[in-house]
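Engineer: So that we are looking at the same thing, I have put the structure below in structure tokens.
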Amino acid sequence: MDINVDVLIVGTGVAGLYCALNLREDLKVLLVSKSKVTETNTYLAQGGISTARSKEDIPLFIEDTLKAGRYENKIEAVKVLAEESMPNISEIVEFGVKLDKDRDKLLFTREGAHSINRIVHSKDETGKAVADALIEEVRKHKNISIYEDTYLVDILKADNKCCGGILIKNKEQINVHSKVVVLATGGIGGIFNNSTNQRQLTADGISIAIKHDIKLKNMDYIQFHPTALCDGEKDSKRFLISEAVRGEGGKLINSKGERFVDELLPRDVVAEAIYKEIARTGDSCVYLDVTFLDKEYIMNRFPTIYNECLKRGIDMAKQPIPVSPAQHYFMGGIETDLNSKTSMDNLYAAGEVSCTGVHGANRLASNSLLEGLVFSKRAAEDINQRIDKVKEFKVEPRIVNETVENLKRYNKKIVIEEFKRRAKKLNDELFDYR
């Protein structure tokens, strides 16, 4: 089957949804989800969205981001992120995202490596609040269609210009001819045994970029979150204990009740300290203690975390939570400019699949949803201005004979081999591939 659209967006996390909502309403848009529209890393995000609280806070926000990223960030991208943060927060509120407030004023919390409280949130399920509101808004737009349980096999191209994609849905091949493609395919956690990510996120956008020699950047910059719940599960998505728990005063202790690290240092520093403490003690985990906080406060501020821990027999109001690091985020990806354009004409990348340069070597807490908002909107605005001048190409797509499962395994193998070729730390025990 062949269909024609103006813009094909692959991925229904914050970047894909927000990009679609910022495109012109006269454009025909197709949004594609590999599984269900809600099965994204966006939906799992707990802590919140960082933002510069005022013009005066912008320089400090920039400095905090640079410091966390070991000053390997792209400074121009960080400036864009800071300067456009609050306008995008305001826009998603207009789309119906309900953020926590006190007397109509946004509440701000603090997370690791932030100098001040500047994280907006919706209890401890901010990503779900954002995704639900954006999905509801998308469904109101007659120019936007959504295909769920649809796998992107490959992009279509002519003369190094992207002109569509090959999809598989219900075992049927769908050839999508479009003027523009936006890859918002998310993270890489599905190729790791030990990850907080959705299992189906196996770096599909990265594998496509590798196959078509699209520029990649910082492939060895993989972030491990310090505090994933230790519950004995093997090869399953690790439940994240949000950094906001430490932002609200949570203490990291060993089995003897001793603190061993400043909990609000950058994530890479805290994760390394935990690994060293586990190696030193021989224990399988460390503990995150919030038992000194009022139980009602814990249940109201962290209802999702409280209930998930309780399901596993842990009452975080009465006992410390067993935690250890897990793969969490990919700072590298498909290299883009400040408008999310890749090295291939008419191909954009936004969200975790992209490398805008914002994060440098280590992402500052709660900058992920913000990056997805800021740079997907920039992609949409660039598309709105350029698309009328984009020449349409008609190419003959190949016939896909492989099963989807075989294709997934093949793409995952490509990415793992690329990591092994490029990355600097792959002998580390952290890199436990599925």
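No value in this document is a laboratory result; all are computed from the given coordinates. Note that the structure is a prediction, hence the values are computed from the model and not measured. We place every Cβ from the backbone using ideal geometry, glycine too, and count neighbours over all the protein chains shown.
Engineer: Isolated Cys in the chain by the 4.7 Å beta carbon test?
Structural biologist: Lacking a cysteine Cβ partner under 4.7 Å: C19, C162, C163, C309, C355.
Engineer: Determine the relative contact order of region 225-327: mean sequence separation of Cα pairs under 8 Å and six or more apart, normalised by residue count, in whole percent.
Structural biologist: Relative CO of region 225-327 lands at 37 percent.
Engineer: Further, regarding this structure: How are the C-alpha pair distances of region 256-375 spread across 5 Å bins, as whole percents from the shortest bin up?
Structural biologist: For region 256-375, the pair-distance distribution reads 2, 9, 15, 14, 15, 15, 11, 9, 6, 3, 1, 0.
Engineer: Run the numbers for D149 and E402: contour at 0.36 nm per residue of separation, minus the present Cα-Cα distance, in nm.
Structural biologist: On the way: separation 253, 0.36 × 253 = 91.08 nm, distance 1.69 nm.
Between D149 and E402, full extension yields 89.4 nm more.
Engineer: Go through (i) 21.0, 67; (ii) 51.2, 211; (iii) 22.2, 65 and flag the label whose value is the computed Rg and Dmax of the Cα atoms in Å for this structure.
Structural biologist: (i)
Engineer: If you stretched the chain out fully between K217 and S255, how much longer would it get, using 0.36 nm times the residue separation minus the C-alpha to C-alpha distance?
Structural biologist: 9.7 nm
Engineer: Rounded to the nearest 5, what % of DSSP beta bridges with both residues in the chain are antiparallel?
Structural biologist: About 60 percent, rounded to the nearest 5.
Engineer: Near K98, which lysines are there with a Cα under 21 Å away, not counting those fewer than 8 places off in the same chain?
Structural biologist: K123, K128, K140, K377
Engineer: Also: Using Cα pairs closer than 8 Å and at least 6 residues apart in sequence, work out the relative contact order for the chain, in percent.
Structural biologist: 24 percent
Engineer: Here's another thing I want to ask about it. Give me P(r) over region 207-248, computed from all C-alpha to C-alpha distances, binned every 5 Å, as integer percentages.
Structural biologist: Taking every Cα pair in region 207-248, the percentages come to 5, 16, 15, 14, 13, 14, 13, 8, 2, 0.
Engineer: What per residue convex hull volume, in Å³, do the alpha-carbon atoms of region 225-327 yield? Walk me through the numbers on the way to the answer.
Structural biologist: Values: hull volume 9.8 nm³, N = 103.
It is 95 Å³ per residue.
Engineer: Counting only helical runs of four or more DSSP H residues, what would the 222 nm mean residue ellipticity of the chain come to if each run contributes -39,500 (n - 2.57) and the total is spread over all its residues?
Structural biologist: -9500 deg cm²/dmol
Engineer: Over region 92-181, calculate the relative contact order: mean separation of alpha carbon pairs under 8 Å at least 6 apart, over the residue count, as a percent. Could you put the intermediate results ahead of the total?
Structural biologist: Numbers: 112 pairs, mean separation 15.6, N = 90.
Contact order relative to length: 17 percent.
Engineer: Please report the base-10 log of the normalised intensity I(q)/I(0) for region 1-67, using a Debye sum with one equal scatterer per alpha carbon and no solvent, at each q in 0.14, 0.19, 0.28 (1/Å).
Structural biologist: At q = 0.14, 0.19, 0.28 Å⁻¹ the computed log10 ratios are -0.65, -0.86, -1.14.
Engineer: Which is farthest toward the positive dipole end of the chain among C19, G164, F239, measuring Cα position about the Cα centre, with Cβ charges +1 (Lys, Arg) and -1 (Asp, Glu)?
Structural biologist: About the Cα centre, the residue reaching furthest to the positive side is G164.
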